[in-house]
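The values are calculated or read from the model by the stated rules, or taken from the named source; none is laboratory data. Quick caveat: nothing in here was measured; it's all calculated off a predicted structure. Heads up, the Cβs are rebuilt from the backbone with ideal geometry, glycines too, and the neighbour counts pull from every protein chain shown.
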Amino acid sequence: MNEVEIFNSTQLALISNGVYLLTFTGLIFITFRLIRYQRENQSNKFGKVLVTIFGLCTTFYGYTVFSFLRNLQFSQSYRLSALQEDGVELSSWASSIIDFTGYTVADGLPISSTPEPAAVVFIITFATMVIAGVWLKLTK
């Protein structure tokens, strides 16, 4: 695989990730609508459990999408650094990607199941909002 093929495959994967992110945004909207609906109608415990499960599934989906994005970035850097180690001259853009990401062949295959720290904070905040919105008595 040459440099252009690596860039092309990464771009295709980023387009897929964008679609997943749009789906996650829709699921966030649906989750908050469900929380509002169950609060307005004073749902019973079974309804609260269902909304909580849906919200936590949405949280896990978001975690997966953000993890996929980070893995894409690491994979691109890994493949470009593998080319560089094979003696292929890389463009300045490819070299800057390796420098920015900081992931090389020496780090081994990227098996990342953890998103960026900012994404982790977002996911934890969202999960807290779901649980608090369903189970806590919040003032208006």
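Regarding Ile98, is this residue under 18 Å from Phe29 (Cα atoms) and modelled with pLDDT of 90 or more? Break it down into steps so the answer makes sense when it comes.
On the way: under 18 Å from Phe29 (Cα atoms): no; modelled with pLDDT of 90 or more: yes.
So Ile98 does not fit the description; no.
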Practice task
Output the residue which, of all residues in the stretch 37-89 that are more than 24 Å from the chain's Cα centre (by Cα) and of a type in the set (Val, Ile, Thr), is modelled with the lowest pLDDT.
Solution key: Val88
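Can you go through Leu21, Leu34, Leu27, Leu56 and tell me which one is among the hydrophobic types (A, V, I, L, M, F, W, C) and farther than 26 Å from Lys137 by Cβ?
Exactly one of Leu21, Leu34, Leu27, Leu56 is among the hydrophobic types (A, V, I, L, M, F, W, C) and farther than 26 Å from Lys137 by Cβ, namely Leu21.
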Practice task
Spot the failing condition for Ser67; the list is (1) closer than 30 Å to Ala132 by Cα; (2) surrounded by fewer than 17 Cβ atoms within 10 Å (Cβ to Cβ); (3) of a type in the set (Gly, Ala, Ser), and only one is missed.
Solution key: (2)
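Those residues that are farther than 17 Å from Ser75 by Cα, in a loop (DSSP other than H, G, I, E, B) and of a type in the set (A, V, I, L, M, F, W, C), I need them from the stretch 91-140; list them, please. Walk me through it before giving the result.
Within the stretch 91-140, the first condition is being farther than 17 Å from Ser75 by Cα, and the residues that meet it are 91-92, 117-140.
Okay, now just the ones that are also in a loop (DSSP other than H, G, I, E, B), so 91, 136-140.
Scanning the stretch 91-140 gives Leu136, Leu138.
Given the condition more than 24 Å from Glu3 (Cα to Cα) and assigned to a helix (DSSP H, G or I), answer yes or no: does some residue in the stretch 72-81 qualify?
First pass over the stretch 72-81, keeping only residues more than 24 Å from Glu3 (Cα to Cα): none.
Within the stretch 72-81, not a single residue is more than 24 Å from Glu3 (Cα to Cα) and assigned to a helix (DSSP H, G or I).
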Handout entry: the stretch 37-63, residues that are part of a helix (DSSP H, G or I) and either of a type in the set (Phe, Trp, Tyr) or out of contact with any helix residue (DSSP H, G or I) (no Cβ under 8 Å at 6 or more places or on another chain) (or both)
Key = Tyr37, Glu40, Lys45, Phe46, Val49, Leu50, Ile53, Phe54, Cys57, Phe60, Tyr61, Tyr63
Problem - Residue check, Leu109 at pLDDT below 95, over 18 Å from the mean Cα position of the chain (by Cα) and exposed (fewer than 11 other Cβ atoms within 10 Å of the Cβ) - result: yes
